[in-house]
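The numbers here are math on the coordinates, done by the rules we state, and not lab data. What you see is a predicted model, and the numbers here were worked out from it, not measured in a lab. Note: ideal-geometry Cβ built from the backbone for every residue, glycine included; neighbour counts use all protein chains shown.
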Amino acid sequence: MPDVPLSWTAPTLEVASLNVHFGRGRARKQIIDDVGFEIRPGESVGLIGETGSGKSTIARSILGLVDPSAGSSVLVAGKQVVGLSANARRSFRRSGVAQYVFQDPHKSLDQDFTVEQSIAEPLLIRGDIKRADVAEAVRRQVDDVQLDAALLGRFPAELSGGQRQRVAIARALITKPRLLILDEPVSALDSANRVKILELLGRLRSSEVAMLFISHDLGSVAGITDRTLVLYRGRVVEVNKTSQIVNAPEHPYTRLLVGSAPTLSGGSIDRERREQLRAELHPS
Ligand SMILES: Nc1ncnc2c1ncn2[C@@H]1O[C@H](COP(=O)(O)OP(=O)(O)OP(=O)(O)O)[C@@H](O)[C@H]1O
């Protein structure tokens, strides 16, 4: 948790006027529409929205993996990441200032790397640590994510889903990033592992790291975020303290999300209420 009032610290992430489109001419499609938000050190912010609302495109824009439209601005630790040359982009990624964890660690981990190699790789890529110190850094990180050190020599295929996600989290944290993006980090896990990984992420929060927690499920972000942004068709339709979003959602789409989240409300809204909210969203 932050030790000082958040407003005293400079934001780690500042997104302003973010627009992203794909395709050209008649096939041009606006995916992200004028999105802006900030995350300060120690703050954990949720980004929720249904499939296709543009959550991953925002994450990819922050990581410099997508080219946003002219006029967009994304500052990570004060550095503009929109419009970087290929070289500058590569060195930004290698710096490890912003790290990410994806939904499916089976895809994000190299199948031919042992656990130890996977976790060490970002440090070796950054290249500012003596090889002799790498093993010790990996061991410390493995401890931090409560992974059994006996697994260091295993390959991803020999691990459970929960263990793989712990490896992905250790790999992301080893460069001590200022910004950590978690894109659906528990969606591929069974419910027992989901709870354990959410607990781990809650425990790993620190006053230095800004976290962006992406999910289609408000229930997953509710326990470990301070604020939540609600994305609907590429636009932020509501932003508020997470407790406020959960207990008193304002926008019809947010009300629909809250009412449909089994872990929050038991998925309690009935069909008629759902239809009403949908009608408010799409007035004819
Ligand atoms: N490279 C691309 N070219 C064209 N369209 C794309 C590209 N990447 C994403 N899209 C489209 O942009 C929209 C938003 O996709 P995005 O993956 O950001 O959504 P999402 O909210 O993360 O969804 P999900 O929860 O399913 O991952 C989708 O309609 C998708 O098809």
In segment 10-63, what residues are more than 7 Å from the ligand (Cβ to nearest atom), in contact (Cβ under 8 Å) with a residue 40 or more places away in the chain, under 14 Å from the mean Cα position of the chain (by Cα) and more than 19 Å from residue 226 (Cβ to Cβ)?
-> 61, 63
Out of all the residues in segment 200-238, which are crowded, with 20+ Cβ neighbours inside 10 Å and hydroxyl-bearing (Ser, Thr, Tyr)?
-> 215, 220, 225, 228, 232
Would you check if there is a residue in segment 65-72 being closer than 14 Å to residue 172 by Cβ, surrounded by 15 or more Cβ atoms within 10 Å (Cβ to Cβ) and either of a type in the set (Asp, Glu) or within 16 Å of the ligand (Cβ to nearest atom) (or both)?
-> no
Got a sec? Which strands (runs of 3 or more DSSP E) wholly within segment 17-130 have at least 3 residues that are over 22 Å from residue 245 (Cβ atoms)?
-> 29-39, 73-76, 98-101
So which residues in segment 197-246 are within 16 Å of the ligand (Cβ to nearest atom), within 20 Å of residue 105 (Cα to Cα) and outside any helix (DSSP H, G or I)?
-> 212, 213, 214, 215, 216, 217
Report whether or not residue 164 is away from the ligand (no atom under 16 Å from the Cβ), within 22 Å of residue 32 (Cα to Cα) and touching a Pro at 6+ places or on another chain (Cβ under 7 Å).
-> no
